[in-house]
Amino acid sequence: MKSEKLYMILCLIVGMMLSGCIDEFDADIPTEDSDLLVVEGTIYSERMNVFTLSYTQPINSSSAPRMVMGAKVSVRGTDGSEYVAQQTDGNYSTYIGPLDPDVEYYLHIETDGDVYESEPQKPLRTEKIADVRGVQDTPESNIDVLITPDAPFEPGKANYYSWTYDETWEVHSDYRTTVRYDIEQMKAVIDAYQFPWRGWKDATSTTIMVGASSNYEDQRIRRLKIYDIGYYNEERMYYRYSGLVHQRSISKAEYEYELARRQASSEMGGLFTPQPSSLPTNIRCLTSQKHVIGFVGCALNTSEYRFFLDAEDYAIHTPVKEDARQWFTNPEDWLCRQLIEKGLFLCEWFTSGTDGSLQTAWAYEEQLDVRYKGAYIEEPDFWSLTENVSY
């Protein structure tokens with residue numbers, strides 16, 4: 001009995017200690033970790049390069065990031081080449097032609113009286129993507145998007161990659177009409193193009209996915225999940241979906257930086273979360289001891305893969321909606337005119353039943369025009385493709 005009481009007392013003491021730790025923990029970024037330079041961007045060959053410069057803020061700040069204005073930014077090569085970036089707000093852009101695989105390139109920044117440079121590095125080659133597919137393990141599970149890069153250029157060593165993706169999916173209006181009520185003729189006439197009922201939406205990933213080949217045979221990643229798509233009431237999978245995956249080879253150092261950044265972003269405020277100044281980086285301040293956040297990679301090329309998913313190939317749960325149209329039987333001309341004046345449009349006009357009664361359905365423009373769902377109606381050039389494509 002005494003041992004049970006002692007155990008209860010100890011539990012109460014431990015609980016009070018733990019609750020005290022939680023109440024007293026302050027996750028704010030220290031003052032010395034505020035106003036650090038944050039650099040985002042990658043040096044790419046034969047394309048417009050964009051670098052974003054901003055400053056860190058306290059963790060409890062609700063204001064937008066403070067952008068770095070008036071900096072001098074350029075990409076330089078150890079062969080003496082230089083590409084000067086032009087400023088647009090906090091973004092600095094410059095077009096870079098073909099990079100020399102034997103030259104090392106780095107980002108040079110001058111701002112607030114300090115000079116920063118990223119570590120010079122040779123541009124990395126990127127293998128093509130062999131396959132991207134969507135896999136649904138059970139009818140009640142999301143669709144996992146799995147990627148398999150092509151055979152690596154250097155199968156004897158670990159390979160590291162980063163992936164981003166763009167999405168496009170088909171959208172339909174709530175209802176489709178192929179008829180229109182003609183007031184002068186007082187009847188329905190064929191008009192299949194009155195409202196666009198079919199459209200498309202786009203989205204771009206905001207997260208960088210990374211992967212390493214260390215645990216794969218021949219150092220080749222196979223069927224690695226990079227993201228998933230919901231199966232339940234998910235508009236993206238109601239009809240047809242397309243993803244464009246971008247793949248870039250990265251160094252081990254950049255891979256470790258992305259992992260650390262993801263941990264810091266998801267666990268900020270946790271007891272074991274690294275402070276921003278402790279994140280790995282390949283950017284250094286040459287004129288002081290200031291810390292920098294960011295990592296500048298260098299790519300000779302990137303690979304892309306466009307894939308398609310059809311709803312009929314998966315178990316997709318779509319919402320069951322009640323018919324929201326307004327139905328009228330044998331409507332007289334005055335009623336049809338009145339419905340039109342109220343902003344309604346004819347959807348259905350047919351006879352039914354043994355008595356041959358006229359059945360009509362009416363809906364509002366926002367129920368018939370897919371653009372009200374935020375879709376555009378010009379079909380994407382790639383939508384007619386019937387097979388996946390590797391670029």
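The values are calculated or read from the model by the stated rules, or taken from the named source; none is laboratory data. Values in this document were obtained by computation on a predicted structure and should not be read as measured data. Methodologically, a virtual Cβ is constructed for each residue, glycine included, from the backbone with ideal geometry; neighbour enumeration extends over all protein chains shown. The protein model used for the area step is the full one, side chains on, heavy atoms only, and it has no ligands, DNA or RNA in it. Shrake-Rupley method; radii C 1.70, N 1.55, O 1.52, S 1.80 Å.
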Does any residue in the range 106-121 that is without any contact (Cβ under 8 Å) to a residue 60 or more places away in the chain come within less than 7 Å, Cβ to Cβ, of a residue that is among the acidic types (Asp, Glu) six or more places away or on a different chain, and which pairs are these? His108/Glu117; Pro120/Glu104
State all residues of the range 169-178 that are surrounded by fewer than 22 Cβ atoms within 10 Å (Cβ to Cβ) and not charged (D, E, K, R); if no residue qualifies, say none. Val171, His172, Tyr175, Thr178
Residue check, Ser384 against (1) closer than 30 Å to Thr148 by Cα; (2) open to solvent by less than 40 Å² (accessible area, probe 1.4 Å); (3) among the polar types (S, T, N, Q), all met but one. Which one? (2)
Positions within the range 304-318 being surrounded by fewer than 21 Cβ atoms within 10 Å (Cβ to Cβ) and touching a Ser or Thr at 6+ places or on another chain (Cβ under 6 Å), in sequence order: Phe308
If you scan the range 319-344, which residues turn out to be open to solvent by 60 Å² or more (accessible area, probe 1.4 Å), of a type outside the set (Val, Ile, Thr) and assigned to a strand (DSSP E or B)? Gln326, Trp327
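Would you mind stating whether Tyr372 is under 30 Å from Leu146 (Cα atoms) and either touching a residue at least 24 places away in the same chain (Cβ under 8 Å) or of a type outside the set (Lys, Arg) (or both)?
no
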Scanning the range 179-216 residue by residue, those over 30 Å from Phe295 (Cα atoms), open to solvent by less than 60 Å² (accessible area, probe 1.4 Å) and assigned to a loop (DSSP other than H, G, I, E, B) turn out to be Asp191, Ala192, Gln194, Phe195, Pro196
Pairs, first more than 17 Å from Arg325 (Cα to Cα) in the range 338-359, second part of a loop (DSSP other than H, G, I, E, B) and open to solvent by 60 Å² or more (accessible area, probe 1.4 Å), C-beta under 9 Å, six or more apart: Ser357/Asn330
Where in the range 86-163 are the strands (runs of 3 or more DSSP E), entirely inside, with at least 2 residues that are surrounded by 14 or more Cβ atoms within 10 Å (Cβ to Cβ) and out of contact with any Leu (no Cβ under 8 Å at 6 or more places or on another chain)? 91-96, 105-111, 129-135, 143-149
When you scan the range 58-85, how many residues do you find that are part of a loop (DSSP other than H, G, I, E, B) and either open to solvent by less than 50 Å² (accessible area, probe 1.4 Å) or in contact with a Cys (Cβ under 9 Å, 6 or more places away or on another chain) (or both)? 5
I want to confirm something. Restricting to the range 235-263 and keeping residues that are acidic (Asp, Glu) and open to solvent by less than 40 Å² (accessible area, probe 1.4 Å), which single residue is modelled with the lowest pLDDT? Glu258
Would you check which residues across the range 361-380 are hydroxyl-bearing (Ser, Thr, Tyr) and under 30 Å from Thr351 (Cβ atoms) and list them? Tyr364
